[in-house]
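> So that we are looking at the same thing, I have put the structure below in structure tokens.
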Amino acid sequence: MENTFDTDLVYSIFKLVWRRKAADREEEAEVIMDTDVAGTSRKNRPMTANSNALRVSCELLQIFVTEAVQRAAIIAEAEGNNRIEPTHLERILPQLLLDF
Amino acid sequence: MGESEKTEEAEEMAELLRDRFRLSVITIAEAEGKSASKRHGMEIKEPVVACISDLAFKFAGVLQNPDDSQVLANDVRLFAQHAGRKSVNMEDVMLSAHRNEHLLGLLRSFSRDLKSKEPKTGKTRKRPSKKDDVIDAS
């Protein structure tokens, strides 16, 4: 299992999402009260993640991808096809999404 | 003006991250496809890989439409916030997989491996934990 996601990549994805969310909340806070600088700055301290958490996240995403491929491969094999087609992915998609 | 510029920048960033993410997914999926079938490797059609990559990316968190569900990134953030922390740790990630027993088991063993791989740095800094003190005292 040497193929896995880059922890830096996952971290930048997380940070992007968090930054967006923080910006949204900032807007909301501004609408409610204009002058509470201390409060907002405390809330806006950026979220961080430790390296092990990122590694586990990478593992989780990798399991998601391999699981998708493996399940689709089982369907393809059952049909006697050695190529995974979009229809095979369609078949396994509902259960896959429920499982994650 | 400045705000629209900012969102544009974020969009660009998201695009870039998505492309990098897709590259990783392609290598993983191809390796998995080769080992999937015992007799001969499975060939995976291009749109299938693209689809899986999109799904995984949505699962991880970044979307064009910020109102859509952003599963993993938000989950771990909320869990960490609920615990009153400003940093996400392994427990938060594992909590996000709590609905699937098997998945949780996989992540548990993975995190155990991680912990056992780096015992030196952990132990040198580690003081005897408070739990042990309590037990000794009683």
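> Per-residue HN-Hα couplings for segment A:70-85, Karplus 6.51 cos²θ - 1.76 cosθ + 1.60 at θ = phi - 60°, whole Hz, x for Gly and Pro?
5, 5, 5, 5, 4, 4, 4, 5, 4, 8, x, 10, 9, 9, 7, 9
> Something else about it: Would you work out the charge dipole size for segment B:8-63 about its Cα centre, treating the Cβ of every Lys and Arg as +1 and the Cβ of every Asp and Glu as -1, and quote it to the nearest 20 debye? Intermediate values should be presented prior to the final figure.
Details: 8 positive and 11 negative charges, 126 e Å.
Charge dipole, segment B:8-63, about its Cα centre: 600 debye, nearest 20.
> What are the residues whose amide H is under 5 Å from the amide H of B:Ile44, where those residues sit 5 or more places off or on another chain and H is modelled from the backbone?
Residues meeting the criterion, in which the H sits 1.01 Å from N, are A:Ile84.
> Given H placed 1.01 Å from N in the peptide plane, which residues other than close sequence neighbours of B:Val88 have an amide H under 5 Å from its amide H?
A:Thr48, A:Ala49, A:Asn50
> Pairs B:Lys6/B:Lys58; A:Lys15/B:Lys117; B:Lys86/B:Lys115; B:Lys6/B:Lys45; A:Lys21/B:Lys117: which are spaced more than 25 Å apart, C-alpha to C-alpha?
A:Lys15/B:Lys117; B:Lys6/B:Lys45; A:Lys21/B:Lys117
> In square nanometres and to one decimal, what's the mean projected area of the convex hull around the Cα atoms of segment B:8-63?
So the mean shadow area of the Cα hull is 3.9 nm².
> Next up: Compute the normalised compactness of chain A: alpha-carbon radius of gyration over 2.2 N^0.38 Å, N being the residue count. Spell out each step's value before the answer.
Values: Rg = 20.5 Å, N = 100, 2.2 N^0.38 = 12.7 Å.
Relative to the 2.2 N^0.38 Å estimate, chain A comes out at 1.62.
Where a number appears in this text, it was derived from the coordinates with a stated rule and is not lab data. Quick caveat, the model's predicted, so the values are computed rather than measured. Because the Cβ atoms are built from the backbone with ideal geometry, glycine has one as well, and the counts that use them run over all protein chains shown.
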